[in-house]
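The values are calculated or read from the model by the stated rules, or taken from the named source; none is laboratory data. Just so it is clear, the model here is predicted, and its values are computed rather than measured. Ideal geometry is used to build each Cβ from the backbone, glycine not excepted, and the neighbour counts take in all protein chains shown.
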Amino acid sequence: MVTKDDVLNALKKVADPHMGISIVDMGLIKNIEIDEENNVSFELIPTNPACMSVMGMAMGSKDAVKKIKGVKDVKVTVKGHMMEEDLNNMINK
């Protein structure tokens, strides 16, 4: 079974490109959920509502979690961005 620690450890490898700090250490990851089939979902909250790097961070975080052995699928939900609906449609298509 995939654990929240597995997910957090994978996400620690993804950095905010402007700060050079892990998105986990910056507190940008919230509400990690793992179901019985090892489908993982979590929220990514950018530092500002117009963050231009959020797409790269979201795709990087999705790819990092997909690499965890046993993970079936990953859903990243961007919250608090002025284009969150469009971003979420692109990230999770």
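Can M52 be described as farther than 18 Å from M83 by Cβ and at pLDDT below 95?
Numbers: farther than 18 Å from M83 by Cβ: no; at pLDDT below 95: yes.
No.
Kindly evaluate V54 against the criterion of being touching a strand residue (DSSP E or B) at 6+ places or on another chain (Cβ under 7 Å), without any contact (Cβ under 8 Å) to a residue 60 or more places away in the chain and of a type outside the set (D, E).
Values: touching a strand residue (DSSP E or B) at 6+ places or on another chain (Cβ under 7 Å): yes; without any contact (Cβ under 8 Å) to a residue 60 or more places away in the chain: yes; of a type outside the set (D, E): yes.
In short, yes.
Here's a check for you: in segment 12-30, which residue that is in contact (Cβ under 8 Å) with a residue 40 or more places away in the chain and out of contact with any Gly (no Cβ under 9 Å at 6 or more places or on another chain) is surrounded by the fewest Cβ atoms within 10 Å (Cβ to Cβ)?
K30
Here's a check for you: in segment 31-48, which residue that is surrounded by fewer than 17 Cβ atoms within 10 Å (Cβ to Cβ), out of contact with any Lys or Arg (no Cβ under 6 Å at 6 or more places or on another chain) and at pLDDT 95 or above is farthest from M90 (Cα to Cα)?
Out of the qualifying residues, it is E36.
Any idea which residue in segment 71-93 is farthest from P17 (Cα to Cα), counting only those that are of a type in the set (D, E, K, R) and touching a residue at least 24 places away in the same chain (Cβ under 8 Å)? Reasoning before the result, please.
From segment 71-93, those of a type in the set (D, E, K, R) are 72-73, 75, 79, 84-86, 93; that's our starting set.
Next, only the ones that are touching a residue at least 24 places away in the same chain (Cβ under 8 Å) stay: 72-73, 75, 79.
Numbers: K72: 27, D73: 25, K75: 21, K79: 19 Å.
Going through the qualifying residues, I end up with K72.
For V2, indicate whether it is surrounded by 13 or more Cβ atoms within 10 Å (Cβ to Cβ), in contact with a strand residue (DSSP E or B) (Cβ under 7 Å, 6 or more places away or on another chain) and assigned to a loop (DSSP other than H, G, I, E, B).
On the way: surrounded by 13 or more Cβ atoms within 10 Å (Cβ to Cβ): yes; in contact with a strand residue (DSSP E or B) (Cβ under 7 Å, 6 or more places away or on another chain): yes; assigned to a loop (DSSP other than H, G, I, E, B): yes.
Yes.
Could you look through segment 46-70, keep only residues that are hydrophobic (A, V, I, L, M, F, W, C) and under 9 Å from the mean Cα position of the chain (by Cα), and pick out the one that is farthest from D16 (Cα to Cα)?
Residues of segment 46-70 hydrophobic (A, V, I, L, M, F, W, C): 50-52, 54-55, 57-59, 64-65, 68.
Still in the list and also under 9 Å from the mean Cα position of the chain (by Cα): 57-59, 64-65.
Working: M57: 7, A58: 10, M59: 12, A64: 14, V65: 16 Å.
Across segment 46-70, the extreme among qualifying residues is V65.
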